[in-house]
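Worksheet: one structure, shown below.
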């Protein structure tokens with residue numbers, strides 16, 4: 001996943017909409033809707049999200065720093 005637009009960085013307060021863990025991926029949809037995902041759930045749903053998202057901001061690289 002890659003980011004295609006300038007968005008504000010995700011913070012420790014941003015939580016996965018699936019499980020409540022810290023979010024590392026923001027997925028934007030038409031009309032401004034967005035979902036946040038932890039790295040695990042973003043990977044789990046990546047194929048479907050790529051089909052329907054207009055932008056994906058992936059900061060999961062911060063996990064290996």
So, in region 28-58, how many residues would count as being touching a strand residue (DSSP E or B) at 6+ places or on another chain (Cβ under 7 Å) and within 13 Å of residue 7 (Cβ to Cβ)?
9
Please count how many residues of region 29-42 are more than 17 Å from residue 11 (Cβ to Cβ) and out of contact with any helix residue (DSSP H, G or I) (no Cβ under 8 Å at 6 or more places or on another chain).
6
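Where a number appears in this text, it was derived from the coordinates with a stated rule and is not lab data. Predicted model only: the values in this text are computed from it and were never measured. So basically every Cβ, Gly included, is an ideal-geometry build from the backbone, and we count neighbours across all protein chains shown.
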